[in-house]
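The values are calculated or read from the model by the stated rules, or taken from the named source; none is laboratory data. Predicted model, so just to flag it, every value in this text is computed and none were measured. Note that each Cβ is placed from the backbone with ideal geometry, even for glycine, and that neighbours are counted across all protein chains shown. To get the accessible areas, we keep the full protein, side chains included, count just its heavy atoms, and leave off ligands, DNA and RNA. Shrake-Rupley method; radii C 1.70, N 1.55, O 1.52, S 1.80 Å.
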Amino acid sequence: MRQLVAPRLATIDIHHRLLANVHPPVTKKAFFRKLAARFRHYERMAPKLRRFNPRPAGFGHLLEKVHGVYDSDANEAKEFRDAIRRCGFDRCPYCGRTRPPSQIDHFLPRSVFPEFSFFSVNLVPSCPDCNRVKDKDIWNQAGVRLFLHPYYDRFLGLPFVHLKIVPERTEIFYVPLFEFVFDAPNMSSNDRDTCDSHFDKLGIRRDLERHFASLLRAEHRRVERSIAVAGYKYSDLDDKHRIDEENFTREFGPNCWEAIFARGIYSNQSLMTFLLTQPASRGGAITR
Ligand SMILES: [Zn+2]
């Protein structure tokens, strides 16, 4: 869950050059004009990326050629794909898992939108899991987008994922619940629905819950050891997680898993009190 800067590549020029080398070559000016109009439409719609008009008639079989050049071995096609990979980081922008984004996902799938097969802002460096799970359904029936778009959803650059660690009973967090609240300035209710669906469909919610349960157990033990050794106190715990958030945000963005966890700790006074006052080992430690 990270914002990426959209690659600005001379997409139409590259299409011209690649399609001039297929057999038979595609050179019709009207075709390229239609393609350019389609790209402008995508860019205009993209901040919201609601379901948009089907492509106009007249593309015909030429779209198969566009679909085909994406996989081409031509140098220009390879350089294009490399440029897309370079705009990513070392974590997948969709899920934030630590595996590298070794593949390229077509945000609007090639099978449904072949005209965007080779359109730079439709191509996102992605981990194999997200690439596989993201399928043809990009909108629900109400027209709400089901996945976050790393180039266009601006709130991805702000801390928009907030972790609420809920005690199983008053002030007791041995078996807490993990809830996620999506909030940032100017987020709409549609944006929140998109976040919900993105988290569920890509399995992020389930993986984060497991990951945070284990991090919290480890943190409880660390706090207990620190108290025994150096009289660790509330302000030390608060400082640690604020500094953690800052450092991880600098390196991996404000919604990397570590930053979300750190915010979830320092914003929860009763949890911090629990960590500082209850034994970590009681009842065999926190279990889930
Ligand atoms: Zn991923």
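For ALA142 and ALA228, what does the FRET efficiency come to when R0 = 45 Å and r is the distance between their Cβ atoms, rounded to the nearest 0.05? Present the calculation step by step, with values, prior to reporting the outcome.
On the way: r = 55 Å, r/R0 = 1.22.
Efficiency for this residue pair is about 0.25.
Calculate, for VAL175 and MET45, the FRET efficiency according to 1/(1 + (r/R0)^6) with r their C-beta to C-beta distance and R0 51 Å; round to the nearest 0.05. List each step's numbers first, then the result.
Values: r = 45 Å, r/R0 = 0.88.
Given R0 = 51 Å and the Cβ-Cβ separation, E is 0.70.
Taking a ≥ b ≥ c as the square roots of the eigenvalues of the Cα gyration tensor of the chain, is the shape rounded (a/c under 1.5), prolate (a/b larger than b/c) or oblate? Don't skip to the end; give the middle numbers.
Values: a/c = 3.19, a/b = 2.59, b/c = 1.23.
Prolate.
When ranked by the protection proxy of mean other Cβ atoms within 10 Å per residue, highest first, what sequence do the peptides 6-19, 55-68 form? Working shown, then result.
On the way: 6-19: 16.5, 55-68: 14.2.
Highest mean packing first, the order is 6-19, 55-68.
Helix-derived [θ] at 222 nm for the chain: sum -39500 (n - 2.57) over DSSP H runs of at least 4, divide by residue count, nearest 500?
On the way: 10 runs with 131 residues, N = 288.
Helix-only estimate at 222 nm: -14500 deg cm²/dmol.
Are there any trypsin sites (Lys or Arg not before Pro) in the stretch 238-269 that are in a DSSP loop and have at most 15 other Cβ atoms within 10 Å? List them by number.
Details: sites: LYS240, ARG242, ARG250, ARG263; in loops: none.
Answer in residue order: no site qualifies.
Just read off the accessible area of ARG192 with the full protein assembly in place, 1.4 Å probe, to the nearest 10 Å².
Around 80 Å² of this residue is reachable by solvent.
Where a ≥ b ≥ c are the square roots of the eigenvalues of the C-alpha gyration tensor, would you call the stretch 11-134 rounded, which needs a/c under 1.5, or, failing that, prolate if a/b is larger than b/c, or oblate?
On the way: a/c = 2.22, a/b = 1.44, b/c = 1.54.
In terms of gyration-tensor shape, oblate.
Just give me a number: lysine pairs in the stretch 11-134, eight or more positions apart or cross-chain, with C-alpha atoms less than 21 Å apart. Mind showing how you got there, number by number?
Values: LYS28/LYS65; LYS29/LYS65; LYS34/LYS65; LYS48/LYS134; LYS65/LYS78.
Counting lysine pairs in the stretch 11-134 gives 5.
Among HIS220, LEU148, PHE160, which residue has its Cα furthest toward the positive end of the charge dipole of the stretch 113-247, with +1 on Lys/Arg Cβ and -1 on Asp/Glu Cβ?
Positive-end residue among those listed: HIS220.
Using the Kyte-Doolittle scale, find the helices of the chain whose mean hydropathy is at least -1.0 and whose Cα atoms extend 15 Å or more along the helix's long axis, counting only whole DSSP H runs. Intermediate results must be reported in sequence, preceding the final value.
Numbers: long enough: 29-45 (24 Å, -0.84); 75-86 (16 Å, -1.71); 189-201 (18 Å, -2.01); 204-230 (37 Å, -0.54); 234-252 (27 Å, -1.74).
Counting only whole DSSP H runs, the qualifying helices are 29-45, 204-230.
DSSP loop trypsin sites (Lys or Arg not before Pro) in the stretch 85-142 with at most 12 other Cβ atoms within 10 Å of their Cβ, which ones? Could you put the intermediate results ahead of the total?
Numbers: sites: ARG85, ARG86, ARG91, ARG97, ARG110, ARG132, LYS134, LYS136; in loops: ARG91, ARG97, ARG110, LYS134, LYS136.
Loop-located and lightly packed - LYS136.
Using protein chains only and a probe of 1.4 angstrom, how many square angstrom of THR98 are accessible, to the nearest 10?
For THR98, the solvent-accessible surface is approximately 100 Å².
Output the peptides 36-48, 117-129 sorted from most to least packed, where packing is the average of other Cβ atoms within 10 Å over each peptide's residues. Display every interim value, and only then the final one.
Details: 36-48: 14.3, 117-129: 22.5.
The most tightly packed comes first, giving 117-129, 36-48.
Which one of ASN255, VAL229, ILE265 has its Cα pushed farthest toward the positive end of the charge dipole of the stretch 216-269, where Lys and Arg give +1 and Asp and Glu give -1 at the Cβ?
VAL229
To the nearest 0.05, what FRET efficiency results for THR98 and THR27 with a Förster distance of 51 Å applied to their C-beta separation?
0.65
If the chain between SER235 and ASP90 were fully stretched, how many nm would it gain, using 0.36 nm times the residue separation less the Cα-Cα distance? Can you show the working numbers first?
Working: separation 145, 0.36 × 145 = 52.20 nm, distance 3.29 nm.
Length gained between SER235 and ASP90: 48.9 nm.
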